[in-house]
Structure formats: structure tokens, C-alpha cells
1. Would you list 191, 109 from fewest to most Cβ contacts within 10 Å?
2. Quick check on the chain: helices-only [θ] at 222 nm, where DSSP H runs of length 4 and up contribute -39,500 (n - 2.57) each and the sum goes over total residues. Nearest 500, please.
3. Multiply the residue separation of residue 118 and residue 321 by 0.36 nm, subtract the distance between their alpha-carbon atoms, and state the gained length in nm to one decimal.
4. Note the angle between two axes, namely the Cα long axis of helix 55-64 and the longest principal axis of the Cα atoms of the chain, as a number of degrees from 0 to 90, rounded to the nearest 10.
5. Sort the chain into rounded, prolate or oblate with this rule: let a ≥ b ≥ c be the square roots of the eigenvalues of the Cα gyration tensor; rounded if a/c is under 1.5, and if a/c is not under 1.5, prolate when a/b is larger than b/c, oblate otherwise.
6. Quote the relative contact order of the chain in percent (integer), defining contacts as alpha-carbon pairs under 8 Å separated by 6+ residues.
7. Using Cβ contacts closer than 10 Å as the measure, can you line up 120, 97 from fewest to most?
8. Using a/c under 1.5 as the rounded threshold, could you call the stretch 50-178 rounded, prolate or oblate? The axes a ≥ b ≥ c are square roots of the C-alpha gyration tensor eigenvalues, and prolate needs a/b larger than b/c, oblate otherwise.
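All of the numbers you see were taken from the coordinates with simple rules; none came from a lab. Everything numeric here is computed off the predicted structure, so don't read it as measured data. Cβ: placed from backbone, ideal geometry, glycine included. Neighbour counts: every protein chain shown.
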């Protein structure tokens with residue numbers, strides 16, 4: 001256990017800027033969190049690359065979607081009112097485990113009115129529960145039956161800046177109780193908490209996952225034995241994507257032993273070189289492959305001991321060239 005902790009501390013030292021202070025976790029995160037994804041929607045929408053290449057297409061797609069009318073009724077515009085989305089869960093295949101936390105600005109009055117109308121008009125698919133939070137405090141939790149599935153989503157808004165959702169009612173209720181106590185969030189897995197606290201808040205997408213989740217994936221069966229062995233030794237993966245004038249990926253992988261990290265660094269280095277050789281020939285005629293080759297050319301693999309660090313980027317110039325090639 002001590003060696004695992006040391007490996008994790010080394011990974012965190014590489015992934016965090018010098019002097020960076022551990023950030024407090026969101027007060028609503030479940031204590032059993034072992035898989036985490038955060039998407040900073042506000043930063044994505046404000047980034048030059050998104051505005052240039054995706055803003056209009058995404059906005060048009062939203063207007064044509066089935067949920068657009070409902071969002072308008074709730075007075076919620078994702079382009080204006082949604083700041084961040086977080087998904088946290090334990091390592092399990094159960095559908096009702098985990099919690100979604102949306103941060104932004106929500107119109108509580110409009111949402112409550114819509115919920116009351118739905119509970120009255122469609123009581124078979126929408127219900128309102130008044131749950132106890134202890135000490136005489138109660139809160140409303142909305143239950144929405146998912147069409148075509150033996151599953152419900154439970155939703156609560158503790159205040160106008162946060163929306164909680166889960167297929168497990170207990171996750172929503174526990175999150176409400178936890179935040180009400182106003183204590184620092186403590187995860188059962190202390191190593192995983194240390195990783196979350198060191199994730200870069202400036203990244204538009206941040207993630208952390210335990211290595212055992214990768215080890216159970218069926219995708220490993222199609223990989224060479226060397227890769228399977230190396231991936232099976234991963235303790236934790238953390239990192240994310242930054243978006244500004246370029247797209248940058250940073251990942252840090254902590255393994256059980258130094259030999260496993262060295263093997264993984266060597267395998268990745270060789271694999272990328274082989275891919276570059278193949279793409280250099282194929283990419284001359286196919287712009288998508290040429291773009292992938294440009295990204296592979298920026299990949300840097302480093303780290304030492306039990307830690308592997310990987311970075312890659314996609315610059316605006318490369319994207320512009322790709323778009324011009326597609327238009328020609």
C-alpha cells in the first residue's frame with residue numbers, strides 16, 4: 001500500500017503545476033466515487049476554437065432536438081446557463097450507481113411549476129417526493145420514468161446554481177444531506193481523492209479512473225499480450241484536455257511497479273512510430289489521416305519510475321489547413 005501511495009504522489013507531482021494547492025472537491029460528490037469526469041461547458045463555449053469550428057453547428061443541432069422546447073419552457077439555455085457537468089460513480093456496472101452534478105443558473109420557479117404540472121398530468125411517468133434530510137429539514141426530489149426502460153431518473157435542485165441527477169434515489173438524497181452538513185467532501189478511496197484534488201481546473205475536460213476499470217475491459221482481448229500486461233498494471237489514470245488557441249491533451253498514468261511503466265512507455269513509443277510511418281503514406285490522399293498524423297507528431301511520452309506522462313496537441317494552424325483541404 002505504501003508503494004502505491006508513493007507512485008500516486010509521484011504522478012500528482014508531474015501533473016500539477018509547482019506550488020499548486022489541492023483543490024476542494026465538489027460538496028455533492030458521492031463518497032464512493034472511483035470514476036470521475038468533468039466537462040467545463042462554459043470554458044468550451046468561450047474558447048476561440050469552439051466559436052470558430054463548432055458553435056453554429058452545435059447551436060443548430062440543439063434547436064432541432066426534441067429537448068429544445070422543454071428547455072425553453074424551463075427558461076434554460078445551455079449556451080448561457082450551463083457552466084459545468086460532472087459525472088461521478090463507483091467502479092460498478094449497476095445502472096443506478098453514481099451521480100450527475102450540473103452547475104449553472106436554474107430558474108427554480110419555472111422548474112417547480114413544470115414539475116407540478118407534470119406530476120398532475122402524467123403521474124404515471126413523473127412523481128414528486130418529499131424526502132427527509134434530518135433535523136426536520138425536507139427537500140423535493142423529482143422522479144422521471146425513462147421511456148422504454150425499467151429505470152427512473154431522480155432529480156433535485158438544492159439551490160439555483162446546482163442540479164443533481166441519478167438513477168439511484170439514495171445518491172441524490174445523500175448528496176443533499178452531505179452538502180447540508182457543509183463539511184469537506186471525503187472519499188472512501190483516499191488515493192483517488194488525492195488524484196481529483198490535483199486535477200487542473202483550467203482543463204475543459206478532466207477525468208480520473210482506477211486502473212482496474214481498464215483491466216476489465218473487453219477491448220484488451222484484441223491487444224497484443226505486451227500491452228495487456230502493461231495496462232493490467234495501471235493503478236490510476238488522471239488528466240484532461242485544455243482548449244484555447246489549440247487543443248492539448250495531458251495524461252498521467254501511475255502503475256504498480258517501475259518495470260510496468262517502463263514497458264508501457266516503450267510500447268507506446270514504438271506503437272506511435274509505427275502508426276506515423278503508416279499514416280505518412282496513407283495520409284497523402286486522406287485528409288483525416290493526415291490530421292491524425294499531425295497530432296501523433298506532437299505526442300511526447302515521459303515520466304520516470306512508476307509514472308508515465310503523455311501529452312499531445314492540435315494547433316489552430318493544423319485545423320485551418322485541414323478545413324481548407326476539405327473545402328478544396
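1. Numbers: 191 19, 109 10.
Lowest to highest Cβ neighbour count: 109, 191.
2. Details: 14 runs with 141 residues, N = 328.
Roughly -12500 deg cm²/dmol at 222 nm, from the helical runs in the chain.
3. On the way: separation 203, 0.36 × 203 = 73.08 nm, distance 5.02 nm.
Computed gain between residue 118 and residue 321 is 68.1 nm.
4. Value to nearest ten degrees: 40.
5. On the way: a/c = 2.10, a/b = 1.39, b/c = 1.52.
Oblate, because a/c is 1.5 or more while a/b does not exceed b/c.
6. Here the relative contact order equals 19 percent.
7. On the way: 120 10, 97 17.
Ascending number of Cβ neighbours within 10 Å: 120, 97.
8. Details: a/c = 1.57, a/b = 1.40, b/c = 1.12.
The shape class here is prolate.
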